[in-house]
Amino acid sequence: METRDIIFSVVMVLSAFVLVWKLVYGDSPKEDPVIVMSSVILIGMLAILFLSVGERLRRIEEEIEEKERSLRVSMQSVEEKVREKVDTTTRRLEEVRNEIIRRGYR
């Protein structure tokens with residue numbers, strides 16, 4: 001979790017507190033701190049939800065990058081094996097062709 005995410009969460013919770021405080025106590029003299037605290041808790045939970053979703057997306061991205069690297073290495077390995085087999089087969093065909101040419105001239 002980055003410092004930026006924590007700062008944004010704190011600002012979100014504080015702004016919700018101020019907003020609800022003004023809505024509840026600004027126009028009417030009645031005191032109901034339950035509304036203020038429940039609103040602050042709700043906004044806090046939303047902030048935590050956003051942070052957890054962001055963290056989960058970051059982990060998924062890292063897993064995809066790891067699999068991509070692994071796939072790239074596997075493809076290189078297969079490419080090298082195929083290249084070796086093609087070279088071996090090409091050499092063998094060249095030997096057979098040279099053998100046929102030598103036999104044909106005798």
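The values are calculated or read from the model by the stated rules, or taken from the named source; none is laboratory data. The structure displayed is predicted, hence computed values, not measured ones. Please note: Cβ atoms are built from the backbone with ideal geometry, for glycine as well, and neighbour counts cover all protein chains shown.
Residue by residue, here is whether (1) surrounded by 10 or more Cβ atoms within 10 Å (Cβ to Cβ); (2) modelled with pLDDT under 80; (3) not β-branched (Val, Ile, Thr) holds:
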site: Arg4; (1), (2), (3): no, yes, yes
site: Phe17; (1), (2), (3): yes, yes, yes
site: Trp21; (1), (2), (3): yes, yes, yes
site: Pro29; (1), (2), (3): no, yes, yes
site: Asn98; (1), (2), (3): yes, no, yes
One residue from Ser74, Ser52 being modelled with pLDDT under 90 and under 34 Å from the mean Cα position of the chain (by Cα): Ser52
Hey, Leu42 in contact with a Ser or Thr (Cβ under 7 Å, 6 or more places away or on another chain) and surrounded by 10 or more Cβ atoms within 10 Å (Cβ to Cβ) or not: no
